[in-house]
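The values are calculated or read from the model by the stated rules, or taken from the named source; none is laboratory data. Because the structure is predicted, anything quoted here is derived from the model rather than measured. Cβ coordinates were reconstructed from backbone atoms using ideal geometry, including for glycine residues, and neighbour counts include every protein chain displayed.
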Amino acid sequence: MNEHTTSLPLAHNGDDQGPDSSITIANIRKMVELFYTRTREDDLLGPIFNTRVADWDAHYEKMTRFWSSAVLRAGTYSGRPIEAHQFDEPGLLTPVHFQRWVRVFSETAKEVFAADDAGVFIELGGRMATSISARLGVRGVARLLDGAARA
């Protein structure tokens, strides 16, 4: 597959992976499955994901390809992340949704990866939340996330 061109900056060059790196495709898959298990059970995020994802195994596979491409530059993902987050219900997504997503994602990354490696995912996840929310017209996410980082 061809790597999808995105305006989101890549967080990591897979060429500089050291032998001690915890960033592997197996660990990315582990993070994806754990993260989405948690979001499905979350009172705020669960209703959104559970009504929009029909095939969780396919979603896990797609998200594993996405994160492998974003972090390892694996070139295994092609898709349109912005369009995937657009819904017909105006106002469905709020800054709080993005804040919760980042919190759950960050906690999960810290459990799966070594500290420095988790930081790669956390930084990219935060930038993605800010970029996607801005493109969708959800205002205030960057300020909310910035404030949460300082707390």
Pick from region 106-117, criterion without any contact (Cβ under 8 Å) to a residue 40 or more places away in the chain and over 21 Å from Leu93 (Cβ atoms), ranking: surrounded by the fewest Cβ atoms within 10 Å (Cβ to Cβ): Ala115
Failed condition for Ile132, given (1) surrounded by 14 or more Cβ atoms within 10 Å (Cβ to Cβ); (2) at pLDDT 90 or above: (2)
Number of the exception - Val104 against (1) at pLDDT below 95; (2) under 21 Å from Ser133 (Cβ atoms): (1)
All positions within region 91-148 that are out of contact with any helix residue (DSSP H, G or I) (no Cβ under 8 Å at 6 or more places or on another chain) and aliphatic (A, V, I, L, M): Ala114, Ala115
Output for region 26-55, where each listed residue is surrounded by 15 or more Cβ atoms within 10 Å (Cβ to Cβ), part of a helix (DSSP H, G or I) and not charged (D, E, K, R): Asn27, Ile28, Met31, Val32, Leu34, Phe35, Tyr36, Thr39, Ile48, Phe49
All positions within region 70-101 that are at pLDDT 90 or above and farther than 26 Å from Thr51 by Cβ: Val71, Leu72
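Only one of Ala118, Ala134 is closer than 30 Å to Asp20 by Cα and among the small types (Gly, Ala, Ser); which?
Ala118
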Residues satisfying the stated conditions in region 111-145, i.e. touching a Ser or Thr at 6+ places or on another chain (Cβ under 9 Å) and not in a helix (DSSP H, G or I): Phe113, Ala114, Val138, Arg139, Gly140
